[in-house]
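A.B. asks: I'd like to ask you about the structure that follows.
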Amino acid sequence: MFENMSIETLQAYWWIIISLLGSLLVFLMFVQGGQTLIYTVGKSEDERKILVNSLGRKWEFTFTTLVTFGGAFFASFPLFYSTSFGGAYWVWMAILFPFIIQAVAYEFRSKPNNLLGHKTYEWFLIINGLLGTILIGAAVSTFFTGSEFSINKLSLTNLRDSAISRWQGPANGLEAVLNWRNVALGLAVFFLSRILGTLYFMNTVAEKTILTRCKKQLLINTIPFLVFFLAYVFALLIYPGFSVDPNSGTIFMESNKYFHNLIQMPYVLLIFGTGVVLVLLGIALPLFTFDKNASRGIWYSGPGTILTVFALFLLAGFNNTAYYPSTFELQSSLTIHNSSSSHNTLTAMSYVSLLVPFVIAYIWYAWKSINNKKIDSEEMRTEGHTY
């Protein structure tokens with residue numbers, strides 16, 4: 001089946017998979033957003049215990065999806081992996097470190113006589129929620145704003161130094177935070193994760209005092225989210241973008257490139273618009289009909305987040321667009337065509353990808369089978385395992 005596909009079709013197929021994994025990752029960062037709220041909506045030790053245990057039931061999904069996303073990128077588009085992960089290593093280390101201390105926190109926070117004390121581990125969770133979301137958002141933004149690197153495939157013939165890609169930025173990736181557009185998307189992801197975390201608490205927690213504070217936090221975080229998200233989208237549509245000549249492969253700057261992508265790919269515009277509407281609907285339902293729909297918001301904003309981020313990834317990679325542009329040397333920019341694995345490798349991986357529906361089914365089963373009873377003080381007193 002897959003061996004009869006052209007390499008262009010396989011490249012597009014794998015970009016869709018990468019886009020889906022990336023959008024799932026952003027949705028699952030409701031865990032990180034919820035972690036930043038444990039002292040805001042949890043005013044007592046018992047309340048914070050409820051919140052941490054609510055998040056602890058799902059935290060592995062975010063970590064696993066992050067690892068899967070990185071592995072899939074490595075296998076399907078290795079030149080991106082070697083360029084970004086090998087060159088911008090400080091920003092990726094800054095992303096991975098908070099996820100490591102998150103795992104440590106969930107493992108040891110409630111252990112008796114733990115070395116650091118449970119409050120230290122709670123701050124580990126807050127650091128993960130703050131840095132993890134902002135830096136991932138900033139890293140994704142570089143798909144549109146560009147990074148400082150160069151590519152020279154002839155280096156393979158140099159036995160002394162065969163590195164194809166070289167990072168030219170002075171801070172090995174951390175310079176991304178000096179671009180206001182990258183910071184804007186990072187902050188948009190941060191506040192979105194707090195919104196999703198709030199909606200998740202509304203769906204899983206039964207304590208009325210916590211739910212009342214969640215409603216307040218939902219409004220507080222929605223306002224800056226809309227400011228940063230709309231500012232980023234507006235800039236995305238009016239700034240020049242990185243276009244590719246389909247015949248020669250030459251990279252050039254095109255005015256309003258991503259606006260043109262939306263118009264020329266109406267299915268992406270439909271996905272993006274539907275996603276944004278669902279996110280807003282998930283926020284509006286609890287705000288205006290709290291007693292009736294407080295627990296339902298996550299089931300609208302969650303899928304809406306997935307669709308919106310999925311559309312942004314498609315904008316970055318399809319319609320003759322460089323998905324990882326170089327601001328140092330324009331012709332070094334990466335596209336899904338010049339950075340992918342070989343036809344044979346993509347074909348073999350595509351057969352493996354047929355297992356993805358089974359993996360998704362397992363995740364759904366695990367999500368539903370893990371204790372989903374709403375947590376309250378009584379539940380905490382009777383529950384065997386706590387985080």
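Just so you know, all these numbers are worked out from the coordinates, no wet-lab data involved. From a predicted model like this one, the values you see are computed outputs, not experimental measurements. Glycine gets a Cβ as well: all are built from the backbone with ideal geometry, and neighbour counts include every protein chain shown.
A.B. asks: Quick one: helix 356-369 against the long Cα principal axis of the chain, what's the angle to the nearest 10°, folded into 0 to 90?
C.D. replies: Roughly 10 degrees between the two axes.
A.B. asks: In whole Hz and in residue order, list the ³J(HN,Hα) couplings for region 251-267 that follow from phi through the Karplus curve 6.51 cos²θ - 1.76 cosθ + 1.60, θ = phi - 60°; x for Gly and Pro.
C.D. replies: Here the 3J(HN,Hα) series is 8, 8, 7, 10, 4, 6, 4, 6, 5, 4, 4, 4, 6, 7, 10, x, 5 Hz.
A.B. asks: While we're here: On a 30 Å Cα-Cα criterion, which of the cross-link pairs Lys119/Lys292; Lys111/Lys374; Lys111/Lys215 come out too long?
C.D. replies: Lys119/Lys292; Lys111/Lys215
A.B. asks: Still on this structure: Just the Cα atoms of the chain: what Rg and Dmax do they give in Å?
C.D. replies: Cα radius of gyration and Dmax of the chain are 21.6, 69 Å respectively.
A.B. asks: Could you work out the relative contact order of region 76-198? I mean the mean sequence separation of Cα pairs under 8 Å and 6+ apart, divided by the number of residues, in percent.
C.D. replies: 32
A.B. asks: With no solvent and one point on each alpha carbon, what is the Debye value of log10 I(q)/I(0) for region 1-93 at q = 0.12 Å⁻¹?
C.D. replies: -0.55
A.B. asks: With charges only on Cβ, +1 for K and R and -1 for D and E, what is the dipole size of the chain about its Cα centre, in debye, rounded to 20?
C.D. replies: 920
A.B. asks: Any idea what Rg and Dmax come out to for region 148-301 if you just take the C-alpha atoms, in Å?
C.D. replies: When restricted to Cα atoms, region 148-301 yields Rg and Dmax of 21.6, 69 Å.
A.B. asks: Just name one of Ser340, Ala75, Leu269: the one whose Cα is farthest towards the positive end of the charge dipole of the chain (beta-carbon charges, Lys/Arg +1, Asp/Glu -1).
C.D. replies: So the residue furthest toward the plus end is Leu269.
A.B. asks: Could you run the Karplus curve 6.51 cos²θ - 1.76 cosθ + 1.60 with θ = phi - 60° over region 69-83 and give me ³J(HN,Hα) per residue in whole Hz, x for Gly and Pro?
C.D. replies: Going residue by residue, I get 4, x, x, 5, 5, 4, 6, 8, 10, x, 5, 5, 4, 5, 6 Hz, with x marking Gly and Pro.
A.B. asks: On to the next question. What is the sum of charges around Leu199, taking Lys and Arg as +1, Asp and Glu as -1, for the other residues whose C-beta is under 11 Å from the C-beta of Leu199?
C.D. replies: That sum, taken over residues with Cβ under 11 Å, equals +3.
A.B. asks: Applying the Karplus parametrisation 6.51 cos²θ - 1.76 cosθ + 1.60 with θ = phi - 60° to the phi angles of region 309-325, what ³J(HN,Hα) value in whole Hz is obtained for each residue in order, glycine and proline being reported as x?
C.D. replies: Going residue by residue, I get 5, 4, 5, 5, 5, 5, 4, 6, x, 9, 6, 6, 10, 7, 7, 9, x Hz, with x marking Gly and Pro.
A.B. asks: Same structure, new question: If amide H atoms are built 1.01 Å from N in the plane of the peptide, which residues on other chains or at least 5 residues away come under 5 Å of the amide H of Ile375?
C.D. replies: Val205, Ala206
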